[in-house]
1. Evaluate the following for residue 145: is it over 25 Å from residue 30 (Cα atoms) and either of a type in the set (Ser, Thr, Tyr) or modelled with pLDDT of 95 or more (or both)?
2. Might you check whether a residue that is surrounded by 12 or more Cβ atoms within 10 Å (Cβ to Cβ), of a type in the set (S, T, N, Q), under 30 Å from residue 142 (Cβ atoms) and at pLDDT 95 or above occurs anywhere in segment 74-84?
3. For segment 197-207, check the following and say yes or no: at least one residue is in a helix (DSSP H, G or I) and under 21 Å from the mean Cα position of the chain (by Cα).
4. Would you be able to say whether some residue in segment 162-171 is farther than 26 Å from residue 93 by Cα and either among the β-branched types (Val, Ile, Thr) or surrounded by 14 or more Cβ atoms within 10 Å (Cβ to Cβ) (or both)?
5. Which one is modelled with the lowest pLDDT among residues in segment 90-125 that are within 19 Å of residue 190 (Cβ to Cβ) and not in a helix (DSSP H, G or I)?
6. Restricting attention to segment 180-189, does a residue exist that is surrounded by 12 or more Cβ atoms within 10 Å (Cβ to Cβ), in contact (Cβ under 8 Å) with a residue 40 or more places away in the chain and either hydrophobic (A, V, I, L, M, F, W, C) or at negative phi (or both)?
7. Out of everything in segment 166-181 that is of a type in the set (S, T, N, Q) and modelled with pLDDT under 85, what residue ends up being farthest from residue 114 (Cα to Cα)?
8. Test each condition in (1) touching a residue at least 24 places away in the same chain (Cβ under 8 Å); (2) surrounded by fewer than 17 Cβ atoms within 10 Å (Cβ to Cβ); (3) over 22 Å from residue 31 (Cα atoms) for residue 88 and report the one that comes out false.
Amino acid sequence: MSTRGRHEPAARDRSGNGHLGRDKLVVAAADLADREGWLNLNLSRVAKEVDRHVTSLYSYVDGLEGLRREITLLALEELGQQLWQAALGRSGPDALMSVATVYRRYACAHPGRIEALTTFQDTTDAEVLSRAKYLGEPVNAILRSLGLDDQQVIHAHRVFFAALRGFTITEATTGFRAPYSVDESFDQMLTLFVDALSAGAWPQLATTAATA
């Protein structure tokens, strides 16, 4: 009888889903960060979550900082795919509203992952930069379609994501205390942005005349 494909029983994680593996560890850690907070993430707690001794985690990631990097990459990939899907088949204001809504939904569902995106510090990490570019490109394309030039796109992109991040982080942490609809506040923020773009009222770049 052929023994091809036969293996010794794999070590199982606590969920009973078979061998742990790097990807499964990162997802488990990201889910833990979503539930308990990004700043509360540590290797001991992650090891308990996946039913492993803490030292065994070093077989998969380079310590806590390595794990944080992997979660950042995961979040960039997940959110990037969702933003591309949200923009697919749409254009102009409708596309921008769709992308913003998906971003907010992801942030509400995954506060730990979103905090990873806003706090990761290594600006020289080529893989992180590549995935960040992938995440941002749908918005850049939408802004170009609304008539902004390349420099205006950079400024509008920064403002758009800063507004989204500020709103969603506040919503996920301290919340909005005034007794008015948070959904309506979100819609008004987006409407202000879209109206300025649709009306051609986005600020022009200041230019400095060249001097001899």
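The values are calculated or read from the model by the stated rules, or taken from the named source; none is laboratory data. From a predicted model like this one, the values you see are computed outputs, not experimental measurements. Counting neighbours? That spans all protein chains shown, and the Cβs are built from the backbone with ideal geometry, glycine included.
1. Criteria met by residue 145.
2. Narrowing segment 74-84 to residues surrounded by 12 or more Cβ atoms within 10 Å (Cβ to Cβ): 74-84.
Retained after the next criterion (residues that are of a type in the set (S, T, N, Q)): 81-82.
Next, only the ones that are under 30 Å from residue 142 (Cβ atoms) stay: 81-82.
Checking the rest, the ones that are also at pLDDT 95 or above come to 81-82.
Among the residues of segment 74-84, at least one is surrounded by 12 or more Cβ atoms within 10 Å (Cβ to Cβ), of a type in the set (S, T, N, Q), under 30 Å from residue 142 (Cβ atoms) and at pLDDT 95 or above, which makes the answer yes.
3. Checking segment 197-207: not a single residue is in a helix (DSSP H, G or I) and under 21 Å from the mean Cα position of the chain (by Cα).
4. Just the residues of segment 162-171 that are farther than 26 Å from residue 93 by Cα, to begin with: none.
Checked segment 162-171: no residue is farther than 26 Å from residue 93 by Cα and either among the β-branched types (Val, Ile, Thr) or surrounded by 14 or more Cβ atoms within 10 Å (Cβ to Cβ) (or both).
5. Among those residues, the one meeting the criterion is 91.
6. Among the residues of segment 180-189, at least one is surrounded by 12 or more Cβ atoms within 10 Å (Cβ to Cβ), in contact (Cβ under 8 Å) with a residue 40 or more places away in the chain and either hydrophobic (A, V, I, L, M, F, W, C) or at negative phi (or both), which makes the answer yes.
7. 174
8. (1)
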